[in-house]
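**Student:** Take this structure first; my questions come after.
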2 protein chains.
Amino acid sequence: MARAATTSDAFNAVAEPRRRHILNYLAMRERSVTEIVDAMAIEQPSVSKHLKVLKGVGLVEVRREGRKMFYTVNANAIRPLHEWTSTFERLWKHQLLRIKERAEANDAQKP
Amino acid sequence: MARAATTSDAFNAVAEPRRRHILNYLAMRERSVTEIVDAMAIEQPSVSKHLKVLKGVGLVEVRREGRKMFYTVNANAIRPLHEWTSTFERLWKHQLLRIKERAEANDAQKP
DNA sequence: TTGACATATTCCTATATGGGAATATATTAA
DNA sequence: TTAATATATTCCCATATAGGAATATGTCAA
């Protein structure tokens with residue numbers, strides 16, 4: 001079996017850094033394809049392809065206005081990723097605490 | 001150009017659902033490869049390959065004990081994903097608020 | 001040393017990219 | 001209608017899978 005399709009879910013879709021950049025850019029506000037192309041250093045066909053992937057997993061939504069297409073982030077589609085990573089928050093906080101404790105123990109030893 | 005390697009960063013590594021399952025399982029505590037194989041419904045060679053990818057991006061660490069290898073999550077490597085998704089938190093909260101407001105406005109109209 | 005156990009690696013293959021180039025489609029303006 | 005603008009799609013190709021099967025490596029026990 002090959003790797004899962006980029007359109008299979010949000011996890012696969014945001015694995016591509018350019019798609020994350022596009023989402024970051026759209027986080028400010030709605031943007032047309034041309035604006036995205038100008039902001040990133042990517043060719044227009046590539047941008048359209050990335051937008052298609054993002055749309056496929058519901059990470060963006062589109063609105064037409066004349067010949068322009070305006071894309072917006074659908075933040076809700078990012079929540080599953082946020083929630084999955086949150087399950088490890090307790091762990092890294094605990095790990096940081098242990099590192100801090102070790103550092104303080106060292107400081108106490110050699111004044 | 002092809003898709004970025006699964007070992008290029010944590011984003012690509014966790015795009016694969018079985019690797020997320022492994023990380024979830026390791027979140028409880030350290031586990032040997034055999035324990036992981038028994039817990040998931042995956043063949044041992046596949047598990048070893050997934051662990052290699054996870055190790056490649058620093059998402060897990062290994063410790064040998066006799067012929068067993070014990071893997072642990074390195075939660076810190078998940079933080080970049082958490083932080084990236086957090087930049088959209090404001091957006092989905094805002095979107096939820098608007099949905100709620102609309103619902104309340106509807107309720108007020110038809111008693 | 002030999003065998004058993006635990007884990008990793010290699011080889012194979014179908015599949016899905018992402019970029020570049022060229023082209024198609026849609027919409028507005030003249 | 002025709003030209004121009006805005007966006008999407010298609011074709012081509014090098015590359016990287018993920019799983020299955022077989023095998024290799026490493027470690028302990030007898």
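**Student:** Which one, B:77, B:57, B:2, projects farthest toward the positive side of the charge dipole computed for chain B from Cβ point charges (K/R +1, D/E -1)?
**Tutor:** B:2
**Student:** If you don't mind, there's one more thing I want to ask. Given Cβ point charges of +1 (Lys, Arg) and -1 (Asp, Glu) and nothing else, what value in debye, to the nearest 20, does the dipole of chain A about its Cα centre take? Can you show the working numbers first?
**Tutor:** Working: 20 positive and 13 negative charges, 32 e Å.
So the magnitude is around 160 debye.
**Student:** Run the helix sum for chain A: -39,500 (n - 2.57) per DSSP H stretch of 4+ residues, divided by residue count, reported at 222 nm to the nearest 500 deg cm²/dmol.
**Tutor:** Working: 6 runs with 65 residues, N = 111.
Theoretical 222 nm ellipticity from helices: -17500 deg cm²/dmol.
**Student:** Is the shape of the protein assembly as shown best called rounded, prolate or oblate, per the rule: a/c under 1.5 gives rounded, else a/b larger than b/c gives prolate, else oblate, with a ≥ b ≥ c the square roots of the Cα gyration tensor eigenvalues? If you can, show how the numbers build up before the last one.
**Tutor:** Values: a/c = 2.02, a/b = 1.60, b/c = 1.26.
Judged from the Cα gyration tensor, the protein assembly as shown comes out prolate (a/c at least 1.5, a/b above b/c).
**Student:** Let me ask something else about it. Using the charge dipole of chain B (Lys, Arg: +1 at Cβ; Asp, Glu: -1 at Cβ; taken about the Cα centre), state which of B:23, B:12, B:87 has its Cα farthest towards the positive end.
**Tutor:** About the Cα centre, the residue reaching furthest to the positive side is B:12.
**Student:** Which distances, in nm and shortest first, link the residue A:4 label point to the same label point in every other copy, taking 7 Å along Cα→Cβ?
**Tutor:** Counterpart label points of residue A:4 in the remaining copies fall at 1.7 nm.
**Student:** For the range A:8-83 and the range B:1-80, what is the separation of their C-alpha centers, rounded to whole Å?
**Tutor:** With the range A:8-83 and the range B:1-80 each reduced to a Cα centre, they are spaced 29 Å.
**Student:** Measuring from the axis that superposes chain A on chain B, report the chain A residue with the minimal C-beta distance, rounded to whole Å.
**Tutor:** Rotation axis A onto B, closest Cβ, rounded to whole Å: A:15, 2.
**Student:** 7 Å along Cα→Cβ for the label point: how many nanometres lie between residue B:17 and each equivalent label in the other copies, listed shortest first?
**Tutor:** 2.9
**Student:** In terms of the Cα gyration tensor, with a ≥ b ≥ c the square roots of its eigenvalues, is the range A:10-109 rounded because a/c is under 1.5, prolate because a/b exceeds b/c, or oblate?
**Tutor:** Working: a/c = 3.66, a/b = 2.69, b/c = 1.36.
It is prolate, given that a/c is not under 1.5 and a/b is the larger ratio.
**Student:** Another one. Quick one: compute the contact order of the range B:10-109, relative version, from alpha carbon pairs under 8 angstrom and 6+ residues apart, as a percent.
**Tutor:** 27 percent
**Student:** Any idea how many Lys pairs in chain A come in under 23 angstrom at the alpha carbon, given 8 or more places apart or on separate chains? Walk me through the numbers on the way to the answer.
**Tutor:** Working: A:49/A:68; A:52/A:68; A:55/A:68; A:100/A:110.
Close lysine pairs under the 23 Å cut-off: 4.
**Student:** Continuing with this model, one more query. Label-to-label distances across copies for residue B:103, with labels 7 Å out along Cα→Cβ, in nm, shortest first?
**Tutor:** The projected label point of residue B:103 is separated from its counterparts by 4.4 nm.
Since every read-out is calculated from the coordinates, none of them should be taken as a lab result. Computed from a predicted model, the values in this text were never measured in an experiment. When we count neighbours, we look across all protein chains shown, and the Cβ atoms used for this are built from the backbone with ideal geometry, even at glycine.
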